[in-house]
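Beneath this line is the structure, given in structure tokens, with notes to follow.
The values are calculated or read from the model by the stated rules, or taken from the named source; none is laboratory data. Here the structure is a predicted model, which is why all the values come from computation and not from measurement. Cβ sites come from the backbone with ideal geometry, for glycine too, and all protein chains shown count toward neighbours. Each accessible area value is taken on the protein alone, full model and side chains, heavy atoms only, with ligands, DNA and RNA left out. Shrake-Rupley method; radii C 1.70, N 1.55, O 1.52, S 1.80 Å.
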Amino acid sequence: MTETRPAATAHDHVFLGGTHAQNERRTWIVIWLCAAMMVLEIVGGWWFGSIALVADGLHMSTHAGALLLAALAYTFARRHAHDPRFSFGTGKLGDLAGFTSAIILGMIALLIGFEAVRRFFAPVPIHFNQAIPIAVLGLVVNVVSAWLLSGGHDHGHSHGHDHAHDHPHDEVRRLETQNGSLSLEIFEEGVPPCFRLYAGTAPLPATARIEISRPDGRAETFTMLSRGGYLESAEEIPEPHEFSATTYINGESHTVVYAEHQHAHEKTGRDNNMRAALVHVMADAAVSVLVIIGLFTAKLFGLMWMDPLAGIVGACVIASWAVGLVRDTGGILLDMNPDQDMAQTMRETIEEGGDELADLHLWRLGPGHLGAIVSVTTSQGRDAEYYRTRLQRFRALSHITVEVRPAA
């Protein structure tokens, strides 16, 4: 068995999300905001004799506690990211925290639902003049918390498109000629995709020609024209940009390979720790909105059953969010295949050269990072490095192990 090096740096097992540090800071800020509101409500309720205000302050303490779980997970994962005791890093710690938060949310949903049903059969008097302002205040705090937590959050995902054009440096290839090196690039910033040839340690040739060969056998020829400081193809490069390109220069030929990068499903890059914190805040906000509607309806029209009905609806909303979070984080903790489409594409990539993919394990190491164990049966005499190169198109693969077996 031959183990390839991680796709990024040798022996680097840091598989934290790209916005880990920012999310950690945002979570601590929201915790301090909730703690301040908690103290204000408890002290104010005690000072003015409002038990409702004290109760809401105690509820805010559970809110801060759930967010504290997320913040501590971020901090621990960062501090122990290089700890060799964690074979595949600490990237899953956020999923563990998210799973725990989801269980807590489910318990909260059950308690709210139980209390709401009980009040249907045993109504209690409601102090509207105190309850409504507290519910509005809770909504404001939750909206501010959600805004702080979600600031820039979406930019940390790995989007589900199969395009490498947002990584122009990946489109440059070096050609080593007898006179030195040249750079061949697929250029498409503001223009249709075309080849550009730049001088390196070797001078720019007067003329050149490029022929490409696609996997389906189609061939195309591109004439290179001088543009002053570089040569540019007169013809546009059709999609997809997956082919071998042979450049003919001064009687020499140089072949390089281009491949479309495959991105994992968006869920692969999702930070479930931040998602759990957001769900907790949004659940509180949703309940606050429903409570305000129920209180106003009960006060204006005397429909006292609207308040417990709002509680039941809120419990159902929270429960549905908790179930989704448990399902997603639980699958990651159990190393379920996070992207069936990507696994199938990996199989096709390995087998299109006539080899057989005997076994494939694909799992998530952390937000935006996947690990893979690949077992290949071949009669072509290829080594593990060949298959590792073939799999470089899958940008989410951060750690790959390749086993090569000779065909019987």
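Taking the Cβ-Cβ separation of R25 and Y248 as r and a Förster radius of 60 Å, what is the calculated FRET efficiency to the nearest 0.05?
The value I calculate is 0.65.
On a full-extension model of 0.36 nm per residue, what is the gain between E235 and R174, subtracting their alpha-carbon distance, rounded to one decimal in nm?
Going from the current span to full extension adds 19.8 nm.
Size of the range 178-271 along its principal axes in angstrom, Cα-based, largest extent first?
50, 31, 26
Accessible area of the range 174-288 with a 1.4 Å probe: how many percent of it is carbon plus sulfur?
Its accessible area is 49 percent carbon and sulfur atoms.
Gain in length, R85 to E403, computed as 0.36 nm per residue apart minus the alpha-carbon separation, to one decimal in nm?
Between R85 and E403, full extension yields an extra 112.0 nm.
In the full protein assembly as shown, how much of T75 is accessible to a 1.4 Å probe, in Å² to the nearest 10?
Accessible surface of T75 is approximately 20 Å².
Tally up the carbon and sulfur contribution to the accessible surface of the range 368-408 as a whole percent, 1.4 Å probe, everything protein left in place. Intermediate results must be reported in sequence, preceding the final value.
Numbers: 810 of 1770 Å².
Roughly 46 percent of what the probe reaches on the range 368-408 is carbon or sulfur.
With a cut-off of 17 Å, note down the residues of the range 354-398 whose backbone N falls inside the zone around a label point 7 Å from the Cα of S213 toward its beta carbon.
354
For the range 307-408, what does the accessible surface come to per residue with a 1.4 Å probe? Please give it in Å². Kindly include the intermediate steps, with their values, before the conclusion.
Numbers: 4510 Å² over 102 residues.
Using a 1.4 Å probe on heavy atoms only, each residue of the range 307-408 averages 44 Å².
Could you work out what % of the accessible surface of the range 304-360 is carbon and sulfur, using a 1.4 angstrom probe and leaving DNA, RNA and ligands out of the count?
Reported share for carbon and sulfur atoms: 58 percent.
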